[in-house]
Structures are given as structure tokens and as C-alpha cells.
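Input: a single structure, listed below in C-alpha cells.
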Amino acid sequence: MQNMQTDHRLLKTIRHEPVDRTPIWIMRQAGRYLPEYRATRAKAGSFINLCKTPELACEVTLQPLIRYPLDAAIIFSDILTIPDAMGLGLSMQEGQGPVFAHPVRDDRTIARLTVPDPAQLNYVYAAIRLVRQELAGKVPLIGFCGSPWTLAAYMVEGKSQPGFPIIQKMRQDQPALLHQLLKVLAQAVTAHLLEQIRAGAEVVMLFDTWGGMLAGEDYMLCSLPYLQQIITDLKTHAETAAVPVILFTKGGHGWLEEIAMTGCDMVGVDWEISLAAARARIGQRTALQGNLHPACLLTTPATIRAEVAQVLASYGQGSGHVFNLGHGITPDVPPDHVTVLVEAVHELSQPYHQC
Ligand code: 1CP
């Protein structure tokens, strides 16, 4: 494991220690809204080649940090690298998003799935090592994985589909089969996060993008226990125990207390709840990350500043808030608006940190 920094404002904020201003990074900060990303992707030939070529993945990871003074890098990769390494055959179709050549839906296919050999994902670890070298301690590097439920949704459906009807049917008709899949995915996620941390990731984030499509009880059965297992495993393993874990369930405001009880260090919050309400419910148990609506970045500089002011005021005084969007930045955002956002957070957050 590479040496970890402990005193960057992002890490201090996660521990609720005093900082000079609110840190900011942006979900999907390396992506299609940046012309330089589109150029590197064209050079790579495809999204998958970009993910699998460590030098290019390193280049696009750093692109947003060259443009903007952000407080973290997130490794350029995708949550679907795990199912790809399990043999599902990932491709990215223009206009349709990710597609698997071999979705998993029956007992025999699911019984054959195993935790991928870490060598299958070496390209991710190589990219992390390169990024850590290039960053030279300037800002922390975030590694990530999808939640077992979110990965399973894509693996069973075979693609992105509103409501993911096939996994919802499996959940009702074949719960034991679904849990068999979720169990192997939880092991695969833990193993992938461990290797990312060994390679140099200083924070890890779990994206439960589709947790919110579960009804209350079903979230408690199909998503939360697997997230809990992963976090418990990380927190009890000597190599990973000290690494902060961010847990983001999109649409998860109904379960904030339970999410905060998993042992994660920071809870990602989308725009469906105010930070004031989230803070009141979670208290000091974890830090909070979020939660500007991504569509705000399509408005005007004046509106962006006003909305940033509102998000900061909603969290209020003191440490424990990492500014972010409530979900990923969209490809149609003008890059100049991100400059406005970052400057607004730098400037307007300072009064909240004067004790
Ligand atoms: O055309 C392109 O260039 C591909 C677009 C793209 C990008 C830029 C995809 C395909 N993945 C990524 C990178 C990516 N994916 C990152 C990079 C690091 C960063 O800068 O943040 C991360 C963290 C992800 C994670 C991811 N992939 C999630 C969870 C986060 C979220 O936004 O909810 C999910 C659900 C995916 C699946 C996926 N991969 C790509 C797309 C377009 C999607 C979403 C498909 C859908 O809408 O269901």
C-alpha cells in the first residue's frame, strides 16, 4: 500500500475536524462534458479501451483537476468492470449505454459465477498507481465500486432499463437465486476495493445507484445487508480499516439512519432531502456529501451561486460536509459553469468554518 495522506481537507472533513473551507469534488467529474475527455476517448477508440488502458485512464482522471481546483480525484473506471471480469462481455452502445452480451438469469449461469481473479482487473490497479504517482499527494484519490444490488440490476437485465423489470421479477419469484447472486457480488466488491486500496486508493465510495427503486422492506433485504457486509469486512481487515468509506444510495433518504449505521464514514445525499434534514437525522455519526441538483449546472452563473449558497446554508456551521452534486454531472453541462460552481463553494463556504 502506498503512503496515505491524512491531513487533506477532504479527509479532515470526513472526520469532522476543523477546515478552512468546504471541500468539493463532482460525481462523474471526468466525463463527456469535457472536450479533452472526448478527445482522449476518441484516441482510445472506445469507452472500454479507455478504461482498460491505464495511461489513458490516468490522463482522464487528472483532466478535471487540471481545469478546476477540486479536492479529490476519482479513478476513471466503471462499476461494470466487475461483471465484465466475471465474463458477461461488457460493451458500451452509443445512445444506449452499457450492454452485456451474456446477462445472467438462470440457476446454472448464476451458480457458475465466481469472484474474479484480481489479475482480471489489473488495469484498474495499474491506473490507480499511475494516478497516485502523478498526484504526488496533492489531493486524495477515491476508488469505487457499485453496490451488489446495482450491479445485479445490470447483470440480470443485460442493459440499463427503466425500472429494471427482470431483476424485480426475479426478486419476487426466485429470491434464493437473487441472493446467491448478491452474495458472490458482495465478495467480489470487497475483493476489488481491497485491491484498489492496496494500489493506492485513499477513500472508497460505494455507488448504490438503483437502491432507491426498492420498496422499504426490500431495500433492507436486497441492498443494505450486502453493503453492511462489505463495510464490516473492510473495517475489520487490517489493510483497509483506516480507509474512509462513502456510501451513496440514490433515492435513499427514507433509510438515512440505517445507512449511517452501516459503519460508513460519509453518506452521499441526493437532492430529494435537504442537508439540514439529513444532518438532523444522522447527527455526528457520519459526514455528509452532496447535494446540489445536477440540472442547476445548466442554468446561469447567478443561479448556480445562489443554489450553492442555499446548499451551504442548509448544512450550516462547521465541518462534516463535502460539497458535491446529488448525482453525476451530465454531458450537456458547459465546462465554464463548473468553474462558477467551484469558485462559489470556495468563496461562500469560508464563513461556515470560522469558529
Ligand atoms: O460514453 C462514454 O464516454 C461513457 C460514459 C461513462 C463514463 C464517463 C460511463 C458509461 N462510465 C463512465 C465513468 C464512470 N462511471 C465513473 C468515472 C469516474 C468519475 O469521474 O466519476 C464512475 C464513478 C462511474 C460509476 C457508474 N457507472 C455508476 C454509478 C454512478 C452513477 O452515476 O450513478 C453507474 C450506474 C455506472 C453505469 C454506467 N456506465 C456508463 C454509463 C452511461 C452508465 C449509466 C447507465 C445508466 O444510465 O443506467
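The values are calculated or read from the model by the stated rules, or taken from the named source; none is laboratory data. No experiment lies behind these values; they were computed from the predicted model shown. Here the Cβ is made from the backbone with ideal geometry for all residues, glycine too, and neighbour counts use every protein chain on show. Please note that ligands, DNA and RNA were not included when accessible areas were found on the heavy atoms of the full protein model with its side chains. Shrake-Rupley method; radii C 1.70, N 1.55, O 1.52, S 1.80 Å.
Of note:
- Positions within the stretch 29-40 being within 9 Å of the ligand (Cβ to nearest atom) and either within 29 Å of R9 (Cα to Cα) or buried (at least 20 other Cβ atoms within 10 Å of the Cβ) (or both), in sequence order: Q29, A30, G31, R32, Y37
- Within the stretch 114-142, residues that are of a type in the set (S, T, Y) have Cβ atoms under 6 Å from residues that are not in a loop (DSSP other than H, G, I, E, B) in these pairs: Y123/K52; Y123/P54; Y125/E195; Y125/A199, counting only partners at least 6 apart in sequence or on another chain.
- The number of residues in the stretch 112-144 that are among the β-branched types (V, I, T), more than 15 Å from V204 (Cβ to Cβ) and open to solvent by less than 60 Å² (accessible area, probe 1.4 Å) comes to 2.
- Every listed requirement among (1) assigned to a helix (DSSP H, G or I); (2) open to solvent by 60 Å² or more (accessible area, probe 1.4 Å) is met by L10 save one, (2).
- Criterion (open to solvent by 20 Å² or more (accessible area, probe 1.4 Å), within 11 Å of the ligand (Cβ to nearest atom) and among the β-branched types (V, I, T)) met by exactly one of I75, I26, I79: I79
- Verdict on A280 being over 17 Å from M213 (Cβ atoms) and free of Cβ contacts under 8 Å to residues at least 40 places away in the same chain: yes
- Restricted to the stretch 310-334, and to residues there that are open to solvent by 30 Å² or more (accessible area, probe 1.4 Å) and within 24 Å of the chain's Cα centre (by Cα), the residue that is nearest to the ligand (Cβ to nearest atom) is H327.
- Any hit, the stretch 22-45, residues being farther than 30 Å from L185 by Cβ, acidic (D, E) and in contact (Cβ under 8 Å) with a residue 24 or more places away in the chain: yes
- Residues of the stretch 165-200 satisfying the condition of being among the small types (G, A, S) and in contact with a Pro (Cβ under 9 Å, 6 or more places away or on another chain): A186, A188, A191
- Of residues in the stretch 6-23 being touching a strand residue (DSSP E or B) at 6+ places or on another chain (Cβ under 8 Å) and under 21 Å from A199 (Cα atoms), the one nearest to the ligand (Cβ to nearest atom): L10
- Residue in the stretch 268-279 that is within 18 Å of I26 (Cα to Cα), at pLDDT 95 or above and in contact with an Asp or Glu (Cβ under 8 Å, 6 or more places away or on another chain) present: no
- Residue match in the stretch 36-55 (condition: modelled with pLDDT of 95 or more, assigned to a helix (DSSP H, G or I) and under 17 Å from the mean Cα position of the chain (by Cα)): yes
- Checking each residue of the stretch 130-150 against the condition of being within 11 Å of the ligand (Cβ to nearest atom), part of a helix (DSSP H, G or I) and under 23 Å from F100 (Cα atoms) gives at least one match.
- Candidate set from the stretch 293-309 (those that are within 16 Å of the ligand (Cβ to nearest atom) and open to solvent by 20 Å² or more (accessible area, probe 1.4 Å)); member that is farthest from the chain's Cα centre (by Cα): A295
- Pairs, first within 14 Å of A111 (Cα to Cα) and touching a residue at least 24 places away in the same chain (Cβ under 8 Å) in the stretch 156-185, second surrounded by fewer than 18 Cβ atoms within 10 Å (Cβ to Cβ) and of a type in the set (S, T, N, Q), C-beta under 8 Å, six or more apart: V184/T114
- Selected residue (criterion: least open to solvent (accessible area, probe 1.4 Å)) from residues of the stretch 48-63 that are near the ligand (Cβ under 10 Å from one of its atoms) and in contact with a strand residue (DSSP E or B) (Cβ under 8 Å, 6 or more places away or on another chain): T61
- Checking each residue in the stretch 210-242 for being surrounded by fewer than 22 Cβ atoms within 10 Å (Cβ to Cβ) and in a loop (DSSP other than H, G, I, E, B) picks out A215, H237, A238, E239, T240, A241, A242.
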